[in-house]
Amino acid sequence: MLDRIQLWLGGAPAEEPPTARWEAIERDLPCLDCLPAEARPRLRRMARDFIAQKQFYGAHGFALDDDILLSIALQACLPVLNLGLERYRHWIGIVVYDGDFVVEREVVDEDGIVHSGPDILQGEAWHGGPVILAWDAAAPPGCNVVIHEFAHTLDMANGEADGFPPLRAGMSRDAWSNAFSRAYDDLCRRVDHDLDTALDPYASEHPAEFFAVASEAFFETPLDLREAYPAVYAQLAAFYGLDTAAGEAALPRADPHPAP
Ligand SMILES: [Zn+2]
(Lines give C-alpha, C1' and ligand atoms only; values in the text may rest on other atoms or scores of the structure.)
Protein backbone atom coordinates (compact mmCIF):
# COMPACT_ATOMS: atom_id res chain seq x y z
CA MET A 1 0.00 0.00 0.00
CA LEU A 2 2.81 2.41 0.89
CA ASP A 3 3.95 2.77 -2.73
CA ARG A 4 0.59 4.35 -3.51
CA ILE A 5 0.77 6.76 -0.60
CA GLN A 6 2.38 10.18 -0.75
CA LEU A 7 4.07 11.42 2.37
CA TRP A 8 2.84 14.82 3.43
CA LEU A 9 6.04 16.79 3.69
CA GLY A 10 4.52 20.09 4.69
CA GLY A 11 4.67 19.44 8.42
CA ALA A 12 2.82 21.74 10.76
CA PRO A 13 1.76 25.10 9.34
CA ALA A 14 4.77 27.29 10.03
CA GLU A 15 2.72 30.29 11.05
CA GLU A 16 0.00 30.34 13.65
CA PRO A 17 -3.16 30.38 11.50
CA PRO A 18 -5.13 33.61 11.92
CA THR A 19 -8.24 33.43 14.09
CA ALA A 20 -10.54 33.84 11.08
CA ARG A 21 -9.03 30.72 9.49
CA TRP A 22 -9.47 28.66 12.64
CA GLU A 23 -13.06 29.87 12.88
CA ALA A 24 -13.76 28.97 9.23
CA ILE A 25 -12.50 25.42 9.79
CA GLU A 26 -14.31 25.08 13.12
CA ARG A 27 -17.63 26.17 11.61
CA ASP A 28 -17.69 22.89 9.69
CA LEU A 29 -17.16 20.85 12.85
CA PRO A 30 -20.39 20.71 14.93
CA CYS A 31 -18.62 18.45 17.45
CA LEU A 32 -16.78 21.55 18.71
CA ASP A 33 -20.03 23.36 19.54
CA CYS A 34 -20.28 21.55 22.88
CA LEU A 35 -16.89 22.80 23.99
CA PRO A 36 -16.70 25.77 26.38
CA ALA A 37 -15.46 28.84 24.47
CA GLU A 38 -12.53 29.26 26.86
CA ALA A 39 -11.21 25.81 25.83
CA ARG A 40 -10.83 26.74 22.12
CA PRO A 41 -7.33 28.28 22.35
CA ARG A 42 -6.05 25.19 24.21
CA LEU A 43 -7.58 22.88 21.58
CA ARG A 44 -5.96 24.91 18.77
CA ARG A 45 -2.55 24.73 20.45
CA MET A 46 -2.93 20.99 20.92
CA ALA A 47 -3.95 20.58 17.26
CA ARG A 48 -0.72 22.27 16.13
CA ASP A 49 1.32 20.04 18.47
CA PHE A 50 -0.54 17.02 17.09
CA ILE A 51 0.36 17.93 13.49
CA ALA A 52 3.99 18.43 14.49
CA GLN A 53 4.15 15.01 16.20
CA LYS A 54 2.33 12.89 13.60
CA GLN A 55 3.01 11.99 9.97
CA PHE A 56 0.21 12.54 7.47
CA TYR A 57 0.03 10.67 4.16
CA GLY A 58 -2.32 11.31 1.24
CA ALA A 59 -3.38 8.02 -0.31
CA HIS A 60 -3.51 7.58 -4.11
CA GLY A 61 -2.06 11.03 -4.66
CA PHE A 62 -4.66 12.82 -2.55
CA ALA A 63 -3.13 16.24 -1.95
CA LEU A 64 -3.39 17.23 1.70
CA ASP A 65 -3.36 20.91 2.59
CA ASP A 66 -3.14 22.83 5.84
CA ASP A 67 -6.93 23.17 6.18
CA ILE A 68 -7.38 19.39 5.98
CA LEU A 69 -4.63 18.81 8.53
CA LEU A 70 -6.03 21.43 10.90
CA SER A 71 -9.54 19.99 10.62
CA ILE A 72 -8.40 16.43 11.31
CA ALA A 73 -6.14 17.60 14.13
CA LEU A 74 -8.93 19.58 15.85
CA GLN A 75 -11.23 16.54 15.74
CA ALA A 76 -8.46 14.17 16.84
CA CYS A 77 -7.51 16.39 19.78
CA LEU A 78 -11.06 16.99 21.02
CA PRO A 79 -11.30 13.57 22.77
CA VAL A 80 -7.87 14.00 24.41
CA LEU A 81 -8.20 17.68 25.30
CA ASN A 82 -8.32 16.73 28.99
CA LEU A 83 -6.61 13.34 28.69
CA GLY A 84 -3.44 14.66 27.08
CA LEU A 85 -1.77 14.13 23.71
CA GLU A 86 0.40 11.37 25.21
CA ARG A 87 -2.62 9.09 24.88
CA TYR A 88 -1.71 8.96 21.17
CA ARG A 89 1.99 8.26 21.73
CA HIS A 90 1.86 4.60 20.62
CA TRP A 91 1.31 5.38 16.92
CA ILE A 92 2.40 8.06 14.47
CA GLY A 93 0.93 7.74 10.96
CA ILE A 94 -2.37 9.04 9.56
CA VAL A 95 -3.33 7.97 6.04
CA VAL A 96 -6.01 10.10 4.40
CA TYR A 97 -8.06 9.04 1.38
CA ASP A 98 -10.13 11.59 -0.49
CA GLY A 99 -13.28 9.44 -0.01
CA ASP A 100 -14.42 5.94 0.94
CA PHE A 101 -11.76 3.30 0.39
CA VAL A 102 -11.85 -0.42 -0.30
CA VAL A 103 -9.97 -3.16 1.53
CA GLU A 104 -10.00 -6.88 0.79
CA ARG A 105 -11.28 -8.84 3.77
CA GLU A 106 -11.20 -12.51 4.67
CA VAL A 107 -13.88 -13.69 7.07
CA VAL A 108 -14.12 -17.23 8.46
CA ASP A 109 -17.71 -18.30 9.10
CA GLU A 110 -18.86 -20.68 11.83
CA ASP A 111 -18.31 -23.67 9.51
CA GLY A 112 -14.68 -22.67 9.02
CA ILE A 113 -15.22 -21.58 5.42
CA VAL A 114 -13.16 -18.55 4.37
CA HIS A 115 -15.06 -15.81 2.53
CA SER A 116 -13.11 -13.00 0.90
CA GLY A 117 -14.33 -9.83 -0.76
CA PRO A 118 -14.12 -6.05 -0.83
CA ASP A 119 -15.15 -3.99 2.17
CA ILE A 120 -15.92 -0.28 1.67
CA LEU A 121 -14.66 1.75 4.63
CA GLN A 122 -14.60 5.34 5.84
CA GLY A 123 -11.96 4.74 8.48
CA GLU A 124 -9.81 2.13 10.13
CA ALA A 125 -7.43 2.13 13.08
CA TRP A 126 -4.65 -0.41 13.34
CA HIS A 127 -2.95 -1.49 16.52
CA GLY A 128 0.27 0.54 16.63
CA GLY A 129 -0.93 2.66 13.71
CA PRO A 130 -1.65 3.95 11.24
CA VAL A 131 -5.07 5.56 11.50
CA ILE A 132 -6.77 5.58 8.09
CA LEU A 133 -9.45 8.15 7.30
CA ALA A 134 -11.70 9.05 4.38
CA TRP A 135 -11.64 12.84 4.17
CA ASP A 136 -14.86 13.36 2.25
CA ALA A 137 -16.85 10.55 3.86
CA ALA A 138 -20.60 11.08 3.58
CA ALA A 139 -21.31 10.64 7.28
CA PRO A 140 -24.90 11.16 8.46
CA PRO A 141 -25.58 13.88 11.07
CA GLY A 142 -24.37 12.83 14.51
CA CYS A 143 -21.61 10.61 13.11
CA ASN A 144 -17.93 11.50 13.03
CA VAL A 145 -15.42 9.17 11.35
CA VAL A 146 -12.41 10.97 12.83
CA ILE A 147 -13.61 10.76 16.43
CA HIS A 148 -14.64 7.14 15.83
CA GLU A 149 -11.19 6.06 14.69
CA PHE A 150 -9.31 8.02 17.33
CA ALA A 151 -11.57 6.52 20.01
CA HIS A 152 -10.38 3.12 18.74
CA THR A 153 -6.77 4.19 19.21
CA LEU A 154 -7.53 5.23 22.81
CA ASP A 155 -9.15 1.83 23.31
CA MET A 156 -6.09 0.02 21.86
CA ALA A 157 -3.66 1.69 24.27
CA ASN A 158 -4.00 -1.34 26.57
CA GLY A 159 -4.25 -4.12 23.98
CA GLU A 160 -6.81 -5.17 21.40
CA ALA A 161 -9.84 -2.91 20.96
CA ASP A 162 -12.46 -4.19 23.40
CA GLY A 163 -14.38 -1.08 24.48
CA PHE A 164 -12.27 -0.80 27.62
CA PRO A 165 -9.59 1.91 27.29
CA PRO A 166 -7.21 2.68 30.15
CA LEU A 167 -9.45 4.66 32.51
CA ARG A 168 -8.46 7.84 34.32
CA ALA A 169 -7.30 7.66 37.91
CA GLY A 170 -10.26 7.40 40.26
CA MET A 171 -12.64 5.84 37.73
CA SER A 172 -14.23 2.50 38.60
CA ARG A 173 -13.69 -0.42 36.20
CA ASP A 174 -16.88 -2.02 37.58
CA ALA A 175 -18.95 1.10 36.94
CA TRP A 176 -17.57 1.34 33.38
CA SER A 177 -18.20 -2.32 32.72
CA ASN A 178 -21.76 -2.25 34.12
CA ALA A 179 -22.73 0.88 32.20
CA PHE A 180 -21.36 -0.29 28.86
CA SER A 181 -22.43 -3.94 29.05
CA ARG A 182 -26.03 -3.03 29.91
CA ALA A 183 -26.24 -0.45 27.15
CA TYR A 184 -24.58 -2.79 24.64
CA ASP A 185 -27.03 -5.59 25.50
CA ASP A 186 -29.94 -3.18 25.11
CA LEU A 187 -28.68 -1.97 21.73
CA CYS A 188 -28.10 -5.52 20.46
CA ARG A 189 -31.62 -6.53 21.55
CA ARG A 190 -33.10 -3.53 19.75
CA VAL A 191 -31.16 -4.28 16.59
CA ASP A 192 -32.22 -7.96 16.73
CA HIS A 193 -35.89 -6.89 17.01
CA ASP A 194 -35.70 -4.13 14.39
CA LEU A 195 -36.50 -1.48 17.00
CA ASP A 196 -35.37 2.14 16.86
CA THR A 197 -31.90 2.70 18.28
CA ALA A 198 -30.39 5.78 19.87
CA LEU A 199 -26.99 4.91 18.41
CA ASP A 200 -25.96 3.80 14.93
CA PRO A 201 -26.82 0.07 14.81
CA TYR A 202 -23.21 -0.54 13.74
CA ALA A 203 -22.41 -0.16 17.46
CA SER A 204 -23.95 -3.63 17.98
CA GLU A 205 -21.12 -5.28 15.97
CA HIS A 206 -18.71 -5.45 18.93
CA PRO A 207 -18.15 -3.74 22.31
CA ALA A 208 -15.22 -1.87 20.72
CA GLU A 209 -17.56 -0.46 18.07
CA PHE A 210 -20.06 0.47 20.77
CA PHE A 211 -17.40 2.51 22.57
CA ALA A 212 -16.33 4.24 19.33
CA VAL A 213 -19.91 5.01 18.22
CA ALA A 214 -20.91 6.16 21.74
CA SER A 215 -17.85 8.45 21.67
CA GLU A 216 -19.06 9.96 18.38
CA ALA A 217 -22.48 10.56 19.99
CA PHE A 218 -20.84 11.99 23.12
CA PHE A 219 -19.35 14.79 21.03
CA GLU A 220 -21.94 15.14 18.26
CA THR A 221 -25.33 14.51 19.96
CA PRO A 222 -24.63 14.36 23.69
CA LEU A 223 -28.17 15.17 24.85
CA ASP A 224 -29.54 12.20 22.90
CA LEU A 225 -26.83 9.91 24.29
CA ARG A 226 -27.44 11.10 27.86
CA GLU A 227 -31.18 10.50 27.50
CA ALA A 228 -30.79 7.00 26.01
CA TYR A 229 -27.85 5.72 28.05
CA PRO A 230 -27.25 8.05 31.03
CA ALA A 231 -24.76 5.70 32.73
CA VAL A 232 -22.68 5.48 29.54
CA TYR A 233 -22.82 9.27 29.19
CA ALA A 234 -21.63 9.67 32.80
CA GLN A 235 -18.71 7.28 32.24
CA LEU A 236 -17.66 9.04 29.03
CA ALA A 237 -17.95 12.46 30.72
CA ALA A 238 -15.61 11.22 33.47
CA PHE A 239 -13.24 9.64 30.93
CA TYR A 240 -13.05 12.55 28.50
CA GLY A 241 -13.25 15.10 31.31
CA LEU A 242 -15.97 17.09 29.55
CA ASP A 243 -19.70 17.66 30.06
CA THR A 244 -20.71 17.94 26.42
CA ALA A 245 -24.45 17.69 27.15
CA ALA A 246 -24.23 20.85 29.25
CA GLY A 247 -22.56 22.53 26.27
CA GLU A 248 -25.23 21.36 23.83
CA ALA A 249 -28.04 22.36 26.22
CA ALA A 250 -26.58 25.87 26.35
CA LEU A 251 -26.50 26.29 22.57
CA PRO A 252 -29.05 28.65 21.01
CA ARG A 253 -31.88 26.63 19.50
CA ALA A 254 -33.96 27.29 16.45
CA ASP A 255 -37.46 28.26 17.60
CA PRO A 256 -39.62 25.14 17.04
CA HIS A 257 -42.75 27.33 16.85
CA PRO A 258 -41.74 30.36 14.80
CA ALA A 259 -44.30 33.13 14.46
CA PRO A 260 -46.26 32.85 11.20
ZN1 LIG B 1 -14.95 1.12 14.30
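The values are calculated or read from the model by the stated rules, or taken from the named source; none is laboratory data. Remember, it's a predicted structure, so these values are computed and weren't measured experimentally. Cβ: placed from backbone, ideal geometry, glycine included. Neighbour counts: every protein chain shown. When the accessible area is computed, the model is the full protein with side chains, heavy atoms only, and any ligands, DNA or RNA have been set aside. Shrake-Rupley method; radii C 1.70, N 1.55, O 1.52, S 1.80 Å.
Here are the criteria: (1) in contact (Cβ under 8 Å) with a residue 60 or more places away in the chain; (2) in contact with a Gly (Cβ under 6 Å, 6 or more places away or on another chain); (3) open to solvent by 30 Å² or more (accessible area, probe 1.4 Å). Tell me which single one Phe211 does not satisfy.
Checking Phe211 against (1) in contact (Cβ under 8 Å) with a residue 60 or more places away in the chain; (2) in contact with a Gly (Cβ under 6 Å, 6 or more places away or on another chain); (3) open to solvent by 30 Å² or more (accessible area, probe 1.4 Å), the one that fails is (3).
In segment 101-117, what count of residues is obtained for those that are under 21 Å from Ala134 (Cβ atoms) and surrounded by 10 or more Cβ atoms within 10 Å (Cβ to Cβ)?
So the count comes out to 4.
In segment 108-120, which residues are over 30 Å from Phe56 (Cβ atoms) and either assigned to a loop (DSSP other than H, G, I, E, B) or within 16 Å of the ligand (Cβ to nearest atom) (or both)?
Of everything in segment 108-120, those that are over 30 Å from Phe56 (Cβ atoms) and either assigned to a loop (DSSP other than H, G, I, E, B) or within 16 Å of the ligand (Cβ to nearest atom) (or both) turn out to be Asp109, Glu110, Asp111, Gly112, Ile113.
Yes/no per residue for (1) in contact with a Phe, Trp or Tyr (Cβ under 7 Å, 6 or more places away or on another chain); (2) surrounded by fewer than 17 Cβ atoms within 10 Å (Cβ to Cβ):
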{"residue": "Tyr57", "(1), (2)": "yes, no"}
{"residue": "Ser71", "(1), (2)": "no, no"}
{"residue": "Tyr88", "(1), (2)": "no, no"}
{"residue": "Val96", "(1), (2)": "yes, no"}
{"residue": "Asp119", "(1), (2)": "no, yes"}
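Say we look at segment 171-200 and pick out the residues that are open to solvent by less than 90 Å² (accessible area, probe 1.4 Å) and part of a loop (DSSP other than H, G, I, E, B); which of these is nearest to Val80 (Cα to Cα)?
My answer is Met171.
Which ones in segment 121-148 are among the hydrophobic types (A, V, I, L, M, F, W, C), open to solvent by 90 Å² or more (accessible area, probe 1.4 Å) and either at positive phi or within 15 Å of the ligand (Cβ to nearest atom) (or both)?
Selection gives Trp126 alone.
For segment 146-160, check the following and say yes or no: at least one residue is assigned by TED's automatic domain parsing to the domain that holds Val232, among the β-branched types (Val, Ile, Thr) and touching a Pro at 6+ places or on another chain (Cβ under 7 Å).
No - not one qualifying residue is present in segment 146-160.
Check whether at least one residue in segment 155-164 is acidic (Asp, Glu), in a helix (DSSP H, G or I) and either modelled with pLDDT of 95 or more or touching a strand residue (DSSP E or B) at 6+ places or on another chain (Cβ under 9 Å) (or both), and report yes or no.
Among the residues of segment 155-164, at least one is acidic (Asp, Glu), in a helix (DSSP H, G or I) and either modelled with pLDDT of 95 or more or touching a strand residue (DSSP E or B) at 6+ places or on another chain (Cβ under 9 Å) (or both), which makes the answer yes.
Of a type in the set (Gly, Ala, Ser), assigned to a helix (DSSP H, G or I) and within 24 Å of Gly123 (Cα to Cα): does that describe Ala52?
Here the answer is yes, as Ala52 does meet what is asked.
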